[in-house]
């Protein structure tokens with residue numbers, strides 16, 4: 001009986017939506033327009049829009065041109081429609097060698113530092129925590145360490161301690177660190193792959209002069225560390241060459257539309273998505289090596305473009321901030337930079353309506369990651385229902401999707417931040433066939449479904465932006481306290 005009342009309530013609410021509001025939400029969304037965005041941005045010519053490439057810059061320029069054509073406003077503090085995001089590209093070494101007491105170590109990677117040629121004394125310091133340095137002289141020596149600590153032995157815990165260990169060793173004057181990790185070889189294969197590829201990260205102030213070398217090595221069963229622990233002084237030979245660092249600026253694409261209500265226009269809603277993807281990689285069975293990323297995430301940024309075009313012509317009571325992020329596939333970099341360098345104060349930003357996609361396997365639905373976590377739930381459900389779709393919450397919590405997209409940086413500081421995605425009822429089937437695959441092409445998408453999908457997003461945004469009640473976290477949510485602190489509730 002409860003379900004009947006819920007469905008009836010939704011239908012009744014849909015009938016109460018101002019006819020003009022629904023019409024405004026759908027009036028500018030055309031299948032041909034959607035196709036033109038997807039076929040350009042997810043075309044082979046843009047080579048998968050990898051962060052730091054010329055093709056990603058072309059995509060950014062295309063997005064800025066679209067925003068300009070809609071008549072949205074530039075933001076103070078931006079360079080036109082761009083927020084420059086300083087990044088650094090670390091190119092892995094072409095030659096590496098590590099010897100411990102004349103025994104060559106086969107499996108190791110350089111986590112930090114540059115080229116080095118060292119042949120000299122090494123000191124074993126147990127876990128390499130503060131107490132292990134007592135009465136020890138490590139100046140200009142290599143420090144050998146055991147992975148993690150007495151209480152931190154999982155791979156994640158061991159990695160979390162590395163920065164503390166690196167900082168201590170550098171402070172004490174060490175030349176380099178070699179940490180031996182007793183972890184599953186399958187996990188090591190992932191680590192090895194990660195650090196032997198080009199790494200892109202946000203640029204920090206000490207990137208230029210911090211060449212302190214931190215190496216990690218696979219220690220099967222902890223045997224190497226056990227052998228080293230029998231005495232303090234050892235020998236080390238380390239050769240790393242061919243490593244390079246290159247600084248560059250990527251771009252977040254940003255714009256705004258001022259709200260119409262004298263009071264509510266002081267509150268901003270972010271409409272966001274990332275426009276980068278993973279570039280060119282391993283060919284599939286058909287020989288295709290371009291990871292076009294039509295679903296992930298050209299669909300998401302076209303969602304935001306639809307919102308920007310709509311609000312530029314038909315503004316809502318609250319103001320709108322549009323952000324198309326760079327570097328999401330490299331670790332949510334563009335959104336991280338924006339949160340640390342906001343163009344609109346965070347306490348004036350009341351909602352982040354992110355759009356990100358892996359794919360879809362149910363065209364009768366829209367899936368909102370975090371749907372039930374904010375007071376905007378009803379507006380989103382009503383909007384989807386108005387266009388014949390059902391809004392459902394995250395069906396795959398085991399994937400931790402809420403914390404894997406740009407929205408999480410906003411949630412962490414207290415801004416309610418669900419993610420609007422194409423319909424999926426499980427993280428499997430057709431979704432995984434295209435997720436981060438060369439087959440994620442624009443000619444494999446149901447555009448009739450996308451029309452309804454975009455209309456639902458635009459209407460949901462309009463309803464939230466015109467709602468007299470400011471959206472917020474549901475009581476008890478893990479980010480509720482951060483929101484109360486941010487907004488002084």
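The values are calculated or read from the model by the stated rules, or taken from the named source; none is laboratory data. Predicted model, so just to flag it, every value in this text is computed and none were measured. Backbone-built Cβ (ideal geometry, glycine too); neighbour counts: all protein chains shown.
Among the helices (runs of 4 or more DSSP H) confined wholly to segment 404-470, which include 1 or more residues that are free of Cβ contacts under 8 Å to residues at least 60 places away in the same chain? Reasoning before the result, please.
Details: elements: 407-412, 430-434, 447-466.
By residue number, no helices (runs of 4 or more DSSP H) qualify.
Looking at 467, 448, which is the one that is under 14 Å from residue 269 (Cα atoms) and more than 25 Å from the chain's Cα centre (by Cα)? Reasoning before the result, please.
Values: 448 fails: under 14 Å from residue 269 (Cα atoms).
After ruling out the rest, the residue left standing is 467.
Consider residue 449 carefully, then state whether it is surrounded by fewer than 22 Cβ atoms within 10 Å (Cβ to Cβ) and either within 21 Å of residue 294 (Cα to Cα) or touching a strand residue (DSSP E or B) at 6+ places or on another chain (Cβ under 9 Å) (or both). Show your work before the answer.
On the way: surrounded by fewer than 22 Cβ atoms within 10 Å (Cβ to Cβ): yes; either within 21 Å of residue 294 (Cα to Cα) or touching a strand residue (DSSP E or B) at 6+ places or on another chain (Cβ under 9 Å) (or both): yes.
Criteria met by residue 449.
(1) in contact with a strand residue (DSSP E or B) (Cβ under 9 Å, 6 or more places away or on another chain); (2) under 25 Å from residue 339 (Cα atoms); (3) assigned to a loop (DSSP other than H, G, I, E, B): which one isn't true of residue 64, the others all being true?
(3)
Could you say whether any residue in segment 388-397 is more than 16 Å from the chain's Cα centre (by Cα), modelled with pLDDT under 95 and assigned by TED's automatic domain parsing to the domain that holds residue 480? Please lay out each step first, then the result.
We begin by selecting, within segment 388-397, every residue more than 16 Å from the chain's Cα centre (by Cα); these are 388-397.
With modelled with pLDDT under 95 added as a condition, the list becomes 396-397.
Narrowing further to those that are assigned by TED's automatic domain parsing to the domain that holds residue 480: 396-397.
Yes, because at least one residue in segment 388-397 is more than 16 Å from the chain's Cα centre (by Cα), modelled with pLDDT under 95 and assigned by TED's automatic domain parsing to the domain that holds residue 480.
Does any residue of segment 114-121 turn out to be surrounded by fewer than 19 Cβ atoms within 10 Å (Cβ to Cβ) and modelled with pLDDT under 95? Before you say what the answer is, go through the steps one by one.
To start, the set of residues in segment 114-121 that are surrounded by fewer than 19 Cβ atoms within 10 Å (Cβ to Cβ) comprises 114-115, 117-121.
Narrowing further to those that are modelled with pLDDT under 95: 114-115.
Checked segment 114-121: at least one residue is surrounded by fewer than 19 Cβ atoms within 10 Å (Cβ to Cβ) and modelled with pLDDT under 95.
Could you tell me which of the residues 309, 226, 267, 237 is closer than 23 Å to residue 335 by Cβ and either out of contact with any strand residue (DSSP E or B) (no Cβ under 9 Å at 6 or more places or on another chain) or assigned by TED's automatic domain parsing to the domain that holds residue 182 (or both)?
Criteria check complete, one pass: 309.
Please pick out the residue among 143, 138 that is at pLDDT 90 or above, under 18 Å from residue 107 (Cα atoms), surrounded by 17 or more Cβ atoms within 10 Å (Cβ to Cβ) and more than 31 Å from the chain's Cα centre (by Cα).
Working: 138 fails: under 18 Å from residue 107 (Cα atoms).
Residue meeting the stated conditions: 143.
Of the conditions (1) within 25 Å of the chain's Cα centre (by Cα); (2) surrounded by 14 or more Cβ atoms within 10 Å (Cβ to Cβ); (3) farther than 28 Å from residue 381 by Cα; (4) modelled with pLDDT of 95 or more, residue 37 fails just one. Which one is it?
Exception for residue 37: condition (3).
Given the criterion crowded, with 24+ Cβ neighbours inside 10 Å, touching a residue at least 24 places away in the same chain (Cβ under 8 Å) and in contact with a strand residue (DSSP E or B) (Cβ under 8 Å, 6 or more places away or on another chain), identify the matching residue among 279, 273. Quick ask: steps written out before the conclusion?
Values: 279 fails: crowded, with 24+ Cβ neighbours inside 10 Å.
On inspection, the qualifying residue turns out to be 273.
For residue 182, state whether it is outside the structural domain of residue 65 (by TED's automatic domain parsing), over 23 Å from the mean Cα position of the chain (by Cα) and modelled with pLDDT of 95 or more.
On the way: outside the structural domain of residue 65 (by TED's automatic domain parsing): yes; over 23 Å from the mean Cα position of the chain (by Cα): yes; modelled with pLDDT of 95 or more: no.
Here the answer is no, as residue 182 does not meet what is asked.
Residue 489 - would you say it is at pLDDT 95 or above and over 17 Å from the mean Cα position of the chain (by Cα)?
On the way: at pLDDT 95 or above: no; over 17 Å from the mean Cα position of the chain (by Cα): yes.
So residue 489 fails the test.
Please find, among 288, 296, the residue that is touching a strand residue (DSSP E or B) at 6+ places or on another chain (Cβ under 9 Å) and modelled with pLDDT of 95 or more.
Working: 288 fails: touching a strand residue (DSSP E or B) at 6+ places or on another chain (Cβ under 9 Å).
The conditions single out 296.
Given the options 19, 74, name the one that is at negative phi and modelled with pLDDT of 95 or more.
On the way: 19 fails: modelled with pLDDT of 95 or more.
Among 19, 74, only 74 is at negative phi and modelled with pLDDT of 95 or more.
Tell me which residues, restricted to segment 152-166, are loosely packed, with under 14 Cβ neighbours inside 10 Å and either touching a helix residue (DSSP H, G or I) at 6+ places or on another chain (Cβ under 8 Å) or modelled with pLDDT of 95 or more (or both).
Hit for segment 152-166 is 164, nothing else.
What number of residues within segment 232-258 satisfy the criterion of being closer than 23 Å to residue 411 by Cβ and either in contact with a helix residue (DSSP H, G or I) (Cβ under 6 Å, 6 or more places away or on another chain) or outside any strand (DSSP E or B) (or both)?
3
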